[in-house]
Amino acid sequence: MDFEPSEEQGMALDGWRRQVARAVVPIAQEFRDRAFSKEAAHELLQVMADFGVGCGWVPEDGGGVGYDFLTSGLLFEELSRASPDVAGLAWVHEGASLKVYANGSPEIKKRYLPLMTTGKVIGCSAISEPNIGSSVREMRTRAVRDGKYFRISGEKMWTSNATVADIVLVVARTGENEFSMFLVDREEHGFQAAEISKLGLNGWPLAQVVFDDVVVPEENLLGTLGSGMRETMKGFDRSRCFVSTLALGISHSALQDSIEYSKQRSQFGKPIGGHQLVQGLLAEMATDLAASQLLVYRALSMLAKGQRCELEASIAKSFATEAAQRITSKAIQIHGACGIAKEFPLERHFRNARMLTIPDGTTQINQLIIGRKLTGIDAFS
Ligand SMILES: Cc1cc2nc3c(=O)[nH]c(=O)nc-3n(C[C@H](O)[C@H](O)[C@H](O)COP(=O)(O)OP(=O)(O)OC[C@H]3O[C@@H](n4cnc5c(N)ncnc54)[C@H](O)[C@@H]3O)c2cc1C
């Protein structure tokens, strides 16, 4: 066990911190209350590409940086302190790029990966539907073979990045109990995406996507017929770790803001940070954050070694995202009325944290996964 970042990770983090302040924050600040425009999303992915964020998971032979997942997680944690919205945009895109790398035909990889790893083509993954969330195997979107093509029809919901995406990786039913993944190109095959107005993380686009008899060539099948669900499930270990890094970043910001405020604000003749009950709140926040970090790093380091980490990723995700809610709520308490004012960042931290217990398995779904791993008994149905 080693809890210190390596020298290499430290250097990557130093350079990255400067790039985030210089090139990411100015754009992110413009889009705190509205979804990134397509131009802004492309620019963000381009300024992050050299630092391995948005393209870090794709190995070098696919045009990416080939970062291990722990190093990448540290970069995402750092980015999320400044903008969890940008981190959301980047990891969803990065996940789509990795799926193309792992499952695309040589032609598909040659065509899309150089553009994806440089931020010129943006990707997303569409699984959830209006009536299907946690129970993914009940999805209704269908892809029906028509000669050398597939015709895709259905509606997807809550698809991150969809309004700015050039390609969507859609999982559709291709048989009674068979699910497959297809790459659909907005310009070439067409899909409609409509932004959904939401509570927090308002820069990170989230959309409803409609496939109205969209025709895609059979070469756009990613992996094999029937491999779509397996690939989706495999991706969840990774996505649970990375959604947790957003929770870490938000929690860091809320704690830091609270420490500073508690030293500046005086009541009853001394800084509120000098009152024991305020120190108690700070101590609970710091403890929740430290525990979240250790759980997330453990899961990330297993991912980095190529191990499955279903249990560890579910523990990390459910703990870190629930902890972020506790931490951001206490940060509001420490700021008193200023905590709920739009002028201060606390209410935004709180709204942002509230978003994270839902995607990539709600807290309850992750608890069922943990329970199944512990007992060997499936309590899902
Ligand atoms: C910020 C964000 C980003 C997202 N990005 C994407 C994306 O890029 N692509 C994508 O496909 N989807 C995405 N989603 C959708 C997300 O995956 C779903 O919202 C999630 O799977 C939950 O589905 P649901 O919202 O339909 O809730 P439901 O599944 O309807 O659940 C409703 C409630 O019932 C509980 N529940 C359900 N089943 C059980 C059970 N068996 N036992 C106990 N409790 C249960 C849940 O925990 C929850 O509290 C995103 C969502 C958010 C909030």
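The values are calculated or read from the model by the stated rules, or taken from the named source; none is laboratory data. The structure displayed is predicted, hence computed values, not measured ones. When we count neighbours, we look across all protein chains shown, and the Cβ atoms used for this are built from the backbone with ideal geometry, even at glycine.
Every residue, every condition in (1) without any contact (Cβ under 8 Å) to a residue 24 or more places away in the chain; (2) near the ligand (Cβ under 9 Å from one of its atoms); (3) more than 27 Å from TYR261 (Cα to Cα); (4) touching a Leu at 6+ places or on another chain (Cβ under 8 Å), yes or no:
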residue	(1), (2), (3), (4)
ILE332	yes, no, no, yes
ALA341	yes, no, no, no
ASP360	no, yes, yes, no
THR363	no, yes, yes, no
GLY371	yes, no, yes, no
Practice task
Could you tell me whether the stretch 251-262 includes any residue that is surrounded by fewer than 18 Cβ atoms within 10 Å (Cβ to Cβ), over 26 Å from ASP2 (Cα atoms) and at pLDDT 95 or above?
Solution key: yes
Completion exercise
Per the list (1) within 16 Å of the ligand (Cβ to nearest atom); (2) more than 17 Å from the chain's Cα centre (by Cα), residue check on VAL92 breaks on (2)
Exercise for the section: Would you mind stating whether SER227 is of a type outside the set (A, V, I, L, M), farther than 30 Å from GLU187 by Cα and at pLDDT 95 or above? Expected result: no
Problem - Positions within the stretch 63-72 being under 14 Å from HIS93 (Cβ atoms) and out of contact with any Gly (no Cβ under 6 Å at 6 or more places or on another chain), in sequence order - result: GLY63, GLY64
Exercise for the section: Answer yes or no as to whether TRP91 is in contact (Cβ under 8 Å) with a residue 12 or more places away in the chain, of a type in the set (Phe, Trp, Tyr) and not in a loop (DSSP other than H, G, I, E, B). Expected result: yes
Practice task
Look at ASP257 and say whether it is among the charged types (D, E, K, R) and either under 30 Å from LYS373 (Cβ atoms) or free of Cβ contacts under 8 Å to residues at least 24 places away in the same chain (or both).
Solution key: no
Fill in the blank from the handout: Within the stretch 136-158, restricting to residues that are touching a residue at least 40 places away in the same chain (Cβ under 8 Å) and not in a strand (DSSP E or B), the one that is farthest from the ligand (Cβ to nearest atom) is LYS148
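For (1) out of contact with any Lys or Arg (no Cβ under 7 Å at 6 or more places or on another chain); (2) not polar (S, T, N, Q), each residue gets a yes or a no:
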residue: SER301; (1), (2): yes, no
residue: GLU312; (1), (2): no, yes
residue: SER329; (1), (2): yes, no
residue: ALA341; (1), (2): yes, yes
residue: PRO345; (1), (2): yes, yes
Exercise for the section: Determine if the stretch 327-349 includes at least one residue that is assigned to a helix (DSSP H, G or I) and closer than 21 Å to PHE3 by Cβ. Expected result: yes
Problem - Filter pass, ALA21 being outside the structural domain of SER197 (by TED's automatic domain parsing), in a helix (DSSP H, G or I) and of a type in the set (Gly, Ala, Ser) - result: yes
Handout entry: Options ALA162, ALA102: the member that is under 27 Å from ALA247 (Cβ atoms) and assigned to a helix (DSSP H, G or I)
Key = ALA102
Exercise for the section: May I ask you to say which residue of VAL100, VAL47 is of a type in the set (A, V, I, L, M, F, W, C) and within 19 Å of ALA12 (Cβ to Cβ)? Expected result: VAL47
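Yes/no matrix, rows are residues, columns are (1) more than 30 Å from THR71 (Cβ to Cβ); (2) part of a helix (DSSP H, G or I):
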| position | (1), (2) |
| --- | --- |
| GLY273 | yes, yes |
| VAL278 | yes, yes |
| LEU282 | no, yes |
| ALA291 | no, yes |
| TYR297 | no, yes |
| SER301 | no, yes |
| ARG308 | no, no |
Handout entry: Residues (surrounded by 20 or more Cβ atoms within 10 Å (Cβ to Cβ), outside any helix (DSSP H, G or I) and either touching a strand residue (DSSP E or B) at 6+ places or on another chain (Cβ under 9 Å) or in contact (Cβ under 8 Å) with a residue 40 or more places away in the chain (or both)) located in the stretch 32-52
Key = ALA35, PHE36, GLY52
Problem - Only listed residue being touching an Asp or Glu at 6+ places or on another chain (Cβ under 7 Å) and crowded, with 20+ Cβ neighbours inside 10 Å, chosen from PHE191, PHE150, PHE179 - result: PHE150
